[in-house]
Structures are given as structure tokens and as C-alpha cells.
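Scroll down for the structure; my scribbles are underneath it.
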Amino acid sequence: MPSAPAAPPASTAEPGFGRLAADYVSQVLAVAGAEAQKLRHDPMEIGTRAIQPVLWLLLFGQVMARVRGLASGDMNYMDFLAAGILAQSVLFVAIFYGISAIWERDLGVLHRYLVSPAPRSALVIGKGISASLRGLFQAVFVYLLALVIGVHTDFAPLAVLGVLLFIALGSMLFSTLSLIIACIVKTRERFMGIGQVLTMPIFFASNAIYPLAMMPAWLKAVSSVNPLTYEVDGLRALMIQGGTSVYGLPLDLAVLAGVFAVLVMIAARMYPRMAV
């Protein structure tokens with residue numbers, strides 16, 4: 001009697017979108033957690049970074065507050081400046097974040113990242129989330145300092161959550177830009193030079209320390225394509241009592257999220273080249 005034909009092997013079901021998304025998020029958080037460990041082992045970094053906003057608010061702010069016309073609308077200059085200095089302190093922390101990637105390459109950590117199954121974009125986003133933790137520490141310090149010097153800070157829960165969202169997006173955006181620069185220059189000395197060259201134009205070509213209305217036409221055009229302008233605009237509307245957004249909060253968020261998405265795609269393609 002002929003034997004029955006063997007049953008075909010059961011097909012292996014491919015994981016669904018929910019499973020893939022969960023795996024991707026877990027990979028992002030794993031990278032972010034590993035990066036956050038560095039911050040726990042070097043708490044002095046947070047303290048030294050806090051000196052800069054103190055100098056800007058207590059020295060620069062107190063002097064420039066005497067100049068008429070620097071604030072916009074009915075807002076006094078210290079209120080106007082506080083959000084700009086918060087964005088500036090986040091920028092200065094994030095823009096030098098890429099140097100850690102150069103250290104990782106020199107120490108062999110980068111190669112372990114690249115042989116992992118995690119998508120390159122997950123590595124980039126995880127590093128961005130880690131950078132946002134540094135930005136949030138800066139936000140806490142600037143808020144406390146703002147209270148001490150009498151800035152009219154808005155502590156409504158939704159306003160604070162909005163500030164945290166803008167800080168996180170700004171930190172991730174500029175840290176990803178920093179990572180792209182690190183992938184191009186590949187040496188610490190060149191990176192530090194380019195980082196210092198970039199921070200001042202990004203900062204001064206924004207609305208952080210003076211309103212858009214005071215700018216000449218050419219600088220206003222440059223400011224309109226500067227992501228920091230939209231971060232400051234959103235922070236000023238959310239952080240300060242009675243603050244308003246020039247562009248509108250939806251546009252501010254859309255610009256930051258859109259630029260960050262583009263930078264992630266670029267960094268994900270360039271990151272493996274760091275190992276070459």
C-alpha cells in the first residue's frame with residue numbers, strides 16, 4: 001500500500017506590524033539606556049553646562065534689559081530672554097554630542113553597535129533620546145534660575161509638557177546634526193572646530209536674544225530656515241505667562257519634527273561610515 005504523501009511544512013508567519021514596531025522601540029530604548037549610563041557616570045557634565053545659562057541670564061540679560069525695544073509686545077526683556085537662553089543651552093549641549101561617536105569608534109564600541117541587528121535609524125534615534133535627557137536637565141536648571149530672577153514662568157501642566165516636548169525635539173535634532181558632522185570629519189580636533197563655528201551663527205541667526213522684527217531682511221530670511229528659531233518660538237509661547245507664538249505652535253512642531261526626520265535618514269546612511 002503506497003504511503004501517504006508527506007504534509008507540506010507549515011509556513012512561518014511573518015511578524016505583524018505591531019511586533020515589528022515593538023521590536024524597533026525596544027531597540028531604540030536599549031541604545032538610549034546604554035547612552036544614558038554615561039551621563040550617570042559623569043554627573044559633573046550637568047553642573048558645568050549649567051554655568052552658561054547663569055552667565056547669559058544674570059550678566060547679559062540684566063544689562064540688555066535696559067535697552068528699549070529688545071522685547072516684543074508687552075513682555076519684559078528677561079521674560080523674553082529666558083526661553084531663548086533655555087533653547088541656547090540645549091543647543092550648546094546637543095551640538096557637541098557627536099564627539100561621543102568619535103570616542104566610540106576609537107574605543108571599538110561603534111563596531112559592536114554596527115554588528116547588532118538594530119536598524120541604523122534606531123541607533124540614531126536612541127542616541128537622540130539620550131541627548132534629550134541632557135536637554136531636560138538644562139530645562140530644570142533654567143526654570144529654577146528663572147524663578148529666582150523673577151521671570152514670569154508658566155507652570156500649567158500642559159505648558160510644562162509642551163516645553164518638555166520642544167526641548168526633547170530640539171535636543172534630538174541638533175544632536176543628530178552633530179552626529180552627521182562627526183561622520184564627516186571623523187577626528188575630535190576637526191569636530192570641535194566645526195562645532196564651535198556652527199553654534200554661534202545658529203544662535204545669533206535666531207530669535208533667541210532679539211525679536212524677528214528688529215532683524216534686517218537678509219537675517220530674517222536666514223532665521224526663517226533656522227530650526228532654533230522655531231524651537232525658541234514654541235518655548236516662548238509655552239514657558240512664559242502671556243507668551244505668544246509668531247508662527248503658531250503646530251508649525252513650530254512640524255518644522256522641528258520634519259527637520260529631525262530628514263536628519264535621521266541622513267545620519268542612518270552615514271553612521272556606518274564612521275567605522276571605515
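Taken together, the values in this text are just the output of simple stated rules run on the coordinates, not laboratory data. As the structure is a prediction and not an experimental result, all values here were calculated from the model. Please note: Cβ atoms are built from the backbone with ideal geometry, for glycine as well, and neighbour counts cover all protein chains shown.
Below is a table of values for the structure above.
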| item | result |
| --- | --- |
| For region 100-225, average projected area of the Cα convex hull in nm² | 10.5 nm² |
| Ranked by how many other beta carbons lie within 10 Å on average, peptides 194-207, 76-89, 143-156 from highest | 76-89, 194-207, 143-156 |
| Karplus-derived HN-Hα couplings along region 53-59 (A = 6.51, B = -1.76, C = 1.60, θ = phi - 60°), whole Hz, x at Gly and Pro | x, 4, 4, 5, 6, 7, 9 |
| Relative packing of 93-100, 230-237, which averages over residues the other C-beta atoms within 10 Å, highest first | 230-237, 93-100 |
| Summed residue charge, Cβ within 10 Å of LEU86's Cβ, Lys/Arg positive, Asp/Glu negative | 0 |
| Amide hydrogen neighbours beyond the local backbone of ASN207, cut-off 5 Å, H modeled | THR229 |
| Contact order normalised by residue count of region 19-275, Cα under 8 Å, 6+ apart, percent | 27 percent |
| Efficiency of FRET from Cβ geometry, VAL185 and ARG66, R₀ 45 Å, rounded to 0.05 | 0.60 |
| Stokes-Einstein diffusion coefficient of region 19-275, Kirkwood radius over Cα pairs, 25 °C, 0.890 mPa s, in µm²/s | 131 µm²/s |
| Dimensionless Rg ratio for region 169-241, taking C-alpha atoms and the 2.2 N^0.38 Å reference | 1.26 |
